[in-house]
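Okay, so here's the structure we're looking at.
Any read-out appearing in this document is the output of simple, stated calculations on the displayed coordinates, not a laboratory observation. Bear in mind the structure is a predicted one, so any value in this text is a computation, not a measurement. Virtual Cβ from ideal backbone geometry, glycine too; neighbours counted across all protein chains shown.
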Protein chains: 6
Amino acid sequence: MTRPSGRQADQLRTISLEAGVSRYAEGSCLAKFGDTHVLVTASLEESLPGWLRGQKRGWVTAEYGMLPRATHTRGRREAAAGKQSGRTQEIQRLIGRGLRSVVDLVGLGERQITLDCDVIQADGGTRTAALTGAWVALKQACLYLKQEGLITDDPIRAQVAAISCGIYQGSPVLDLDYAEDSHAEADANFVLAQGLGLIEVQATGEERPFTEAELHALLGLAKSGCDQLFALQRQALGL
Amino acid sequence: MTRPSGRQADQLRTISLEAGVSRYAEGSCLAKFGDTHVLVTASLEESLPGWLRGQKRGWVTAEYGMLPRATHTRGRREAAAGKQSGRTQEIQRLIGRGLRSVVDLVGLGERQITLDCDVIQADGGTRTAALTGAWVALKQACLYLKQEGLITDDPIRAQVAAISCGIYQGSPVLDLDYAEDSHAEADANFVLAQGLGLIEVQATGEERPFTEAELHALLGLAKSGCDQLFALQRQALGL
Amino acid sequence: MTRPSGRQADQLRTISLEAGVSRYAEGSCLAKFGDTHVLVTASLEESLPGWLRGQKRGWVTAEYGMLPRATHTRGRREAAAGKQSGRTQEIQRLIGRGLRSVVDLVGLGERQITLDCDVIQADGGTRTAALTGAWVALKQACLYLKQEGLITDDPIRAQVAAISCGIYQGSPVLDLDYAEDSHAEADANFVLAQGLGLIEVQATGEERPFTEAELHALLGLAKSGCDQLFALQRQALGL
Amino acid sequence: MTRPSGRQADQLRTISLEAGVSRYAEGSCLAKFGDTHVLVTASLEESLPGWLRGQKRGWVTAEYGMLPRATHTRGRREAAAGKQSGRTQEIQRLIGRGLRSVVDLVGLGERQITLDCDVIQADGGTRTAALTGAWVALKQACLYLKQEGLITDDPIRAQVAAISCGIYQGSPVLDLDYAEDSHAEADANFVLAQGLGLIEVQATGEERPFTEAELHALLGLAKSGCDQLFALQRQALGL
Amino acid sequence: MTRPSGRQADQLRTISLEAGVSRYAEGSCLAKFGDTHVLVTASLEESLPGWLRGQKRGWVTAEYGMLPRATHTRGRREAAAGKQSGRTQEIQRLIGRGLRSVVDLVGLGERQITLDCDVIQADGGTRTAALTGAWVALKQACLYLKQEGLITDDPIRAQVAAISCGIYQGSPVLDLDYAEDSHAEADANFVLAQGLGLIEVQATGEERPFTEAELHALLGLAKSGCDQLFALQRQALGL
Amino acid sequence: MTRPSGRQADQLRTISLEAGVSRYAEGSCLAKFGDTHVLVTASLEESLPGWLRGQKRGWVTAEYGMLPRATHTRGRREAAAGKQSGRTQEIQRLIGRGLRSVVDLVGLGERQITLDCDVIQADGGTRTAALTGAWVALKQACLYLKQEGLITDDPIRAQVAAISCGIYQGSPVLDLDYAEDSHAEADANFVLAQGLGLIEVQATGEERPFTEAELHALLGLAKSGCDQLFALQRQALGL
């Protein structure tokens, strides 16, 4: 089996996480996983949506979007269509859930941080790039909160990163690009918390059912990939 | 650890799958997993949505809804709200994807089967009950197609069933009800194809990250649960 | 004239009203008028919509929906379409208005009861079955309020039931099923308050105008039909 | 009993029906029932909505709207709210149904006539004024079709008019204005076809149930009122 | 060059501004620019939208609509389409901005005046007719406020009027009607404040770019046209 | 008068136009006007919207969006809100109109080019930066069409660029940034066609009316600014 990109089975694409790219946002990150480019901003609001008020805790949420021509062919602009697709909602729910799993919401205080993940260019793996970059932006926003004296302890308990894996031409491979993703027999997205374990596993047999052994192999690749992402996250923030 | 319902860790709720409950639909099933009741109808349409026409294959899709008072407190009617929630879309995408994975769409011919899964009463596990019942309704519709001479071979290649599992008070348990689901440390939904393996795994750490060993244990429970569901599906259809 | 069902002109279909069918709702009723099956739940909320607050009275409202395959051919799911049809809104307004006409809203106190009427299967007369069942569910909710000590007097002043009638092949007949309804020359829906008179009359010439004598004949049938429905409502609640 | 306007119980408001008020529309009518002013245009389109094509018949439909400040207090503009209210839909369905009941749709040919009924000022009875004026506009459009040689026979079989009646301070009165309508014990809208009988009856007990005798009395008033409206319609068109 | 209407290049259409045409509104004006007829009402509300509360100032805003058959061919009703077009929003924003530019919002006090501009019939120049009439309705509403003792000083600092001009067959002309507008090489809308200068200029090259000299010529026509409109506004209000 | 940025009155911000930034789009440009960054892609589609088919000409259109945190405070995501604001629609209409004014639509052939203008970061003047960059992307797409042999002649007749000007502290200044824009007495957007003249002028008195002399001064600045932009556009494409 040869990957379209010539990468090894367990090799990530060239990845860069650049923090602080937005002039205005309290936290931000431009996450590039090869040709997949996602801009993430973390926006701090000192107020909460109605259903969360008065509970002495904060909230972390995410929104996801894709520029209409981020992909090979132009997709319809969701703002013009008047609604977000099921896929968009599924992804933004995944990102929000993954981040909240490592945040002490009581420690955050009655404020909200919104992670806007906008895909500038897509070549597979946009949700995992978004989540990995979102952690950087979120962390930066929490450091800002601390620096401003609004909180005393950083409410983030662990790093979170995500990566996709899949079975391509019968072999498990790490970090699918679009050429692989569109022909994968099975694919999976893994969200991991550094040093703690699994946050989320989403595995789907696209062309055929998959076995427990294959799931195990994909998970092994994901662990190795996330270890590299954790290092890149720390490096992006100078931690 | 004692389960709220007094069940064993690997024990399903009382489950019934009743086929043919609708007077009009080409296939139907009332799936009861304890107090979770889902009515599924399979509607055959001899036409396809525009984006699928002329490709010499059919389509299987699903829609999901919950009656406003299926739950402890009344939820807003989605038709009145003017849109389906992200959760609804996520579930109906899961059901459609799971069913399509075992259907020969070319063999189905240029027609569409829509599985409407409506939750009459909810006590946890509505998406897995829906998918398990939807397979019964879909199978019935395909048998109808064959009987009417519209197709010669049944396009369904395997049975599909789904079940939820979770870590409750530190222990892996099968088929969560609401009392468990709302306090589970982690929960997972598994979709299995009979004799073929895994179709979909969705596992989430709700209260804490989970380990690979825990994922393995949950999967073991799911396999045993789905074996029982496969038998109930065949029994419902007299196969 | 022979009715498709073989019924006498003044004969109702087999009707059953089963109260208390929902595990969670404060009141509920499964109303079956032959093959028309409507599930009604009454949901109590100790709050009011904004426009009703501070007026020292409560509110009773209704919502109506039809499962997509309740009918011969599948209809579009209103939640997916993003809006309720004019027909749906017309029906839910009728049900709410009919029920409110016999409720002492001041006596109900500053709370709201919502009647969700969902058509599981449709064979004509869904709005009248819904309203007749909704009264049972509403009554049960009011009895619950009294039993819980939240009110001292039952705010319901009278029973309300509804029935359709029509001119079929030149003759007035009671309780149209779909086979009759789709070919009726005229049809009418009557809402009556037990012992008090008419709450609502909606009569339409479908194939031709109708005469005052015909309206009179239809009304006579409706009175006789509602008398039977009133008895069934009391029986369903053991009153 | 004295009516707020000083009118007799069986007295209409000052009514004028002015045909041909629009520069562009194929038919039009400004209907004034006292201070209720409704502008109706009939627009001819030589095409049909998709669901009606190929059936060798035409269609007549109506849309209804109210200028935001047609009433005592400003109402929200439906175009800004993004949807038509249930009341609006109910009214436009009533108008369309009433007009179609006297039109030979096959004779009309494969074309559509849309009656736009826009309330410029409202003082009660807007739906009946709209329907009465809409007949005039529709007739004018059909005469235009005939004059242009597009049809040979006028497809309108009879005149249609509508009027409201109600029980005010215990007495049946004709043609309610807002002052009466807002305090009526019961009100009713009647649609009549000239020389043929009843097209639609919608009677509602607002403050209390009403009796069959009251319904009979209201109907008597409506007949007398519609006879006057029929004469005014003919006069407006010079027939 | 001969104008389709036979008018001189600098000649307005026959214009009438009739104030006080609505029975209910605090201010109103029926503005007729030839066959363009716009009904404007000014509605006073003693409350403000949420985002304006507590700032010790009021607000003036406008909404614009067109009856479906105001034009040669019927347009879709925006309320039925479920949204206002970009054109509609552009126009109502222009009208609101133009009026606010001459109102002392602090002096108005914490209340809102909404100008509803509804086009009854359109023959070009609806936005300028609307704005010119809206000033009359707004002024009337402010006079009402003063008369009622709710304010002591009229918050309107100047008259505002608007007119369109364009290059038609190479020549600058004033007050385009539809026949000219649809073939103009360039057109422009000017909003002027009496005695103060320009409030808004919107000039567009439709068929070709235009020169600064042409812009200058159009502005000259607009000034002369607005002077006439200012006189008509005062006359309409007896000022 | 000192500008917040220290610029001269007639000095543009540092401007860069980078063509070809998108991996997939037929044309693209990242336009930076100081801290205002707009990404524009030109997407070629070999089909037309229904209302344009069969007219033997093509179409050029634009869509505009702003990332939620492009600004100082986060704005609501339009896709989540379910509609585009009036401001968004106004801007995208302006861009489409401006570009079409210099395109030979017949020469383009029956195809559509959509310019997606997405604001990554905003510091005033986003619409003019978007339009200036959109011309570059559009030109690149037309060169691609020619190179692919799909057309023989470039359908673009002239360069188009846009710039904002305003009256700041009494003085006319070129290319407002946000600090100036939010306090400008008047502002204006100018769209110019190179060598041909004015395409569009939109001038608004924000704080006060403005004079014809001021409009003249702003236009002078705009001409000088656009001359520089035209040079930058050619340079970006190596023309």
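Counted as membrane-span-like here are DSSP H helices of chain F whose alpha-carbon atoms extend 27 Å or more along the helix's own axis and whose Kyte-Doolittle mean is -0.5 or above; these are F:126-147, F:212-237.
Approximating the spin labels as points 7 Å out from Cα along Cα→Cβ, the B:Arg23-to-A:His72 distance works out to 5.0 nm. Exposure proxy shown here: for E:Leu131, C:Leu138, the number of other Cβ atoms within 10 Å sets the order, fewest to most, as C:Leu138, E:Leu131.
Cα-based values for the range A:161-239, radius of gyration first and Dmax second, are 13.0, 43 Å. Taking each of B:Lys32/C:Lys83; B:Lys56/D:Lys56; E:Lys56/E:Lys139; C:Lys32/C:Lys139; D:Lys56/D:Lys139 in turn, the alpha-carbon distance tops 27 angstrom for B:Lys32/C:Lys83; B:Lys56/D:Lys56. Per-residue shielding of B:189-202, expressed as the average number of other chain Cβ atoms within 10 Å of the residue Cβ, stands at 5. Put simply, the Cα atoms of chain E extend 54, 43, 30 Å along their principal axes, the longest span coming first. For the range A:55-118, relative contact order (Cα pairs under 8 Å, six or more residues apart, normalised by length) works out to 66 percent.
Put simply, the Cα atoms of the range A:75-154 extend 44, 25, 21 Å along their principal axes, the longest span coming first. Residues C:Thr41, D:Thr126 in ascending order of nearby Cβ atoms (within 10 Å, fewest first): D:Thr126, C:Thr41. Per the Debye formula with a single identical scatterer at each Cα and no solvent contribution, what log10 I(q)/I(0) holds for the range D:1-64 at q = 0.13, 0.21 Å⁻¹? Results for the range D:1-64 at q = 0.13, 0.21 Å⁻¹ read -0.58, -0.91. Remark: the protein assembly as shown is approximated by an ellipsoid whose semi-axes, taken from the C-alpha gyration tensor as √(5λ), come to 50, 50, 30 Å, largest first. Each semi-axis of the equivalent ellipsoid for the range A:14-123 is √(5λ) with λ an eigenvalue of the Cα gyration tensor; in descending order they amount to 27, 17, 12 Å.
Residue order for D:Arg69, B:Arg93, fewest other beta carbons within 10 angstrom first, comes to B:Arg93, D:Arg69. Site pair F:Ser85 and D:Ala231 shows an inter-label distance of 6.0 nm when each label is modelled 7 Å from Cα along Cα→Cβ.
Report D for the range F:51-95 in µm² per second (integer): Stokes-Einstein, Kirkwood Rh on Cα pairs, 4 °C, 1.567 mPa s.
103 µm²/s
All other residues whose Cβ lies under 12 angstrom from that of B:Leu30 are scored, Lys and Arg at +1 and Asp and Glu at -1, for a net of -1. Counting Lys and Arg as +1 and Asp and Glu as -1 over every other residue whose Cβ lies under 13 Å from the Cβ of C:Arg93, the net charge comes to +2. Shown here are the Rg and Dmax of the Cα trace of the range A:76-120, at 13.5, 40 Å. Using the Cβ of B:Asp187 as centre and a radius below 9 Å, the other residues enclosed give a net charge of -4, where K and R count +1 and D and E count -1.
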